[in-house]
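Working notes, beginning with the structure itself.
The values are calculated or read from the model by the stated rules, or taken from the named source; none is laboratory data. Because the structure is predicted, anything quoted here is derived from the model rather than measured. In this analysis, Cβ positions are derived from the backbone assuming ideal geometry, glycine residues included, and neighbour counts consider all displayed protein chains.
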2 protein chains.
Amino acid sequence: MFKETNARSLFKGISWRILATTTTIILVYMFFNRLDLAIIAGIIETILKVALYWGHERVWHKIRWGKKRIEPFNLWFTGLPLSGKTTIADAVFKELNKLQIPIERLDSKDIRDVVPDIGFSRKDRNIHMKRIGHLIKTLQNNSISTVASFVSPYRESRKTIREMVKNNIVVYIKANIETCKKRDRKGKYEKATKGEYQNFTGVNDIYEEPQHAEITIDTDKLSVDEATKIIVKYVKKNYVK
Amino acid sequence: MFKETNARSLFKGISWRILATTTTIILVYMFFNRLDLAIIAGIIETILKVALYWGHERVWHKIRWGKKRIEPFNLWFTGLPLSGKTTIADAVFKELNKLQIPIERLDSKDIRDVVPDIGFSRKDRNIHMKRIGHLIKTLQNNSISTVASFVSPYRESRKTIREMVKNNIVVYIKANIETCKKRDRKGKYEKATKGEYQNFTGVNDIYEEPQHAEITIDTDKLSVDEATKIIVKYVKKNYVK
């Protein structure tokens, strides 16, 4: 969040003065047809009014009225591991950041890096979702929108998020499991198949497809750029006015 | 976070116009000693410039320059159960809220209500602290200050918070354990003594006193009002300019 510096108020005063004094000079000249008087009036007005404008700005800076709270949204990317959630969410975040709205990126991996003891059982995942929901809600209290990417394989945990936050947009990143395996350079699917990972979604844990996703992206048919455009367009149309 | 409405820009234009046109009328009158011309000039100027001012406001609303990011802080209240952390933190939060800075209240109880499976062992508490640290850090990324009250009995977990967040202000709410017990209408201390609670700080779990608290409040000597004043004064002096 931002506050207006004194310098900003002063420069606004100067930029306004150039616009306004030019108008005044033209007006005085049209009335009296005397350029000398018009210019002297312009000079006196300039000096006096830059100072007045600056004071006027500082007073209004303190007034709350007419400052409208920005309505936040939550983009929730769900899908199989390596379906492309993080890549697309990153691209969408980059685009939305250009709109000068307060927005935060939340990725499963980053959060699990900070707090590594979360676990992957159904119970652990559900508790984890509740915490993420609380985080998003707290950010939303402060008008901050979120771009969140989490496997979130269970309907119940996605429902928890939907109930906790407002303006929730579920983006289902749909990918054939064979496609995900092809993208898997670190061999995570292979390790899970060998039993090295427990509760690995798509191998030894289920992924329950979303039934009410606001947006479904079929990554077998759409490129990252195309997907990004669809999602950004949806957000702009519904939440950024 | 806020955005400026069209109406606000228009009303700023009108309020500025009253100020500016009065000046113009006085100037024209001083120059030509003719009130009729001065008033006509004033009227034309008014109509033209309210529209110009409004346009000027909308353009500046889009310009980032001179909007300074607000520097967030974290007030961290620590102390024994029932030492008065929540009461004082609530009062401080109420006062700071009046300063029109973005600020969020985080209380141990509220968070444990949302996610009840946190636990009270040393390991559980430390993981919990890391999560809270992550939450505060995310809020700080968005210029949001925090008033947090957590027993946080271990030095290592308070150190974790200090390392994760910026402008950390530890407020140690010091209270004699006998005083805490007297305040304990729900009989929590008694239950803990009977063994009904495990890891209850002050009974069957230790509280490690802070060694580097920025502020220490002795609740045996200071009232809630006095404590609030000291803390708010500290914040105003160091972080709200």
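What the table shows:
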read-out: Residue in the stretch B:216-241 that is farthest from residue B:163 (Cα to Cα), counting only those that are in contact with a Leu (Cβ under 9 Å, 6 or more places away or on another chain) and buried (at least 18 other Cβ atoms within 10 Å of the Cβ); value: B:232
read-out: Counted residues, the stretch B:20-60 - those being touching a residue at least 12 places away in the same chain (Cβ under 8 Å), more than 10 Å from chain A (Cβ to nearest Cβ) and among the charged types (D, E, K, R); value: 1
read-out: Test for residue A:165: is it buried (at least 19 other Cβ atoms within 10 Å of the Cβ), in the same structural domain as residue A:217 (by TED's automatic domain parsing) and over 12 Å from the mean Cα position of the chain (by Cα); value: yes
read-out: Restricting the stretch A:168-183 to residues that are touching a helix residue (DSSP H, G or I) at 6+ places or on another chain (Cβ under 9 Å) and closer than 23 Å to residue A:137 by Cβ, the residue that is surrounded by the most Cβ atoms within 10 Å (Cβ to Cβ); value: A:171
read-out: Some residue of the stretch A:45-64 being among the hydroxyl-bearing types (Ser, Thr, Tyr), in the same structural domain as residue A:175 (by TED's automatic domain parsing) and over 29 Å from residue A:142 (Cβ atoms); value: no
read-out: Single match in B:178, B:163 (criterion: of a type in the set (Asp, Glu) and more than 14 Å from every other protein chain (Cβ to nearest Cβ)); value: B:178
read-out: Conditions (1) farther than 16 Å from residue B:43 by Cα; (2) within 47 Å of the chain's Cα centre (by Cα); (3) modelled with pLDDT of 80 or more; (4) not hydroxyl-bearing (Ser, Thr, Tyr): number failed by residue A:49; value: (3)
read-out: Residue that is more than 19 Å from residue B:113 (Cα to Cα) and at the interface with another protein chain (Cβ under 9 Å from one of its Cβ atoms), where the choices are A:108, A:143, A:121; value: A:143
read-out: Checklist (1) closer than 30 Å to residue A:106 by Cβ; (2) surrounded by fewer than 21 Cβ atoms within 10 Å (Cβ to Cβ); (3) not polar (S, T, N, Q) applied to residue B:128, failing item; value: (2)
read-out: Those residues of the stretch A:202-213 which are surrounded by 16 or more Cβ atoms within 10 Å (Cβ to Cβ) and closer than 12 Å to residue A:78 by Cα, in sequence order; value: A:207, A:210, A:213
read-out: Total residues in the stretch B:151-198, condition part of a helix (DSSP H, G or I) and farther than 21 Å from residue B:88 by Cβ; value: 10
read-out: Matching residues in the stretch B:62-93 - criterion: being farther than 20 Å from residue B:104 by Cβ and out of contact with any Ser or Thr (no Cβ under 7 Å at 6 or more places or on another chain); value: B:62, B:63, B:64, B:65, B:67, B:79, B:82
read-out: Residue within the stretch A:147-154 that is among the hydrophobic types (A, V, I, L, M, F, W, C), farther than 19 Å from residue A:207 by Cβ and at pLDDT 80 or above present; value: yes
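The rows are residues; the columns are (1) more than 9 Å from chain B (Cβ to nearest Cβ); (2) within 28 Å of the chain's Cα centre (by Cα).
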residue: A:18; (1), (2): yes, no
residue: A:63; (1), (2): no, yes
residue: A:67; (1), (2): no, yes
residue: A:73; (1), (2): yes, yes
residue: A:84; (1), (2): yes, yes
residue: A:101; (1), (2): no, yes
residue: A:104; (1), (2): no, yes
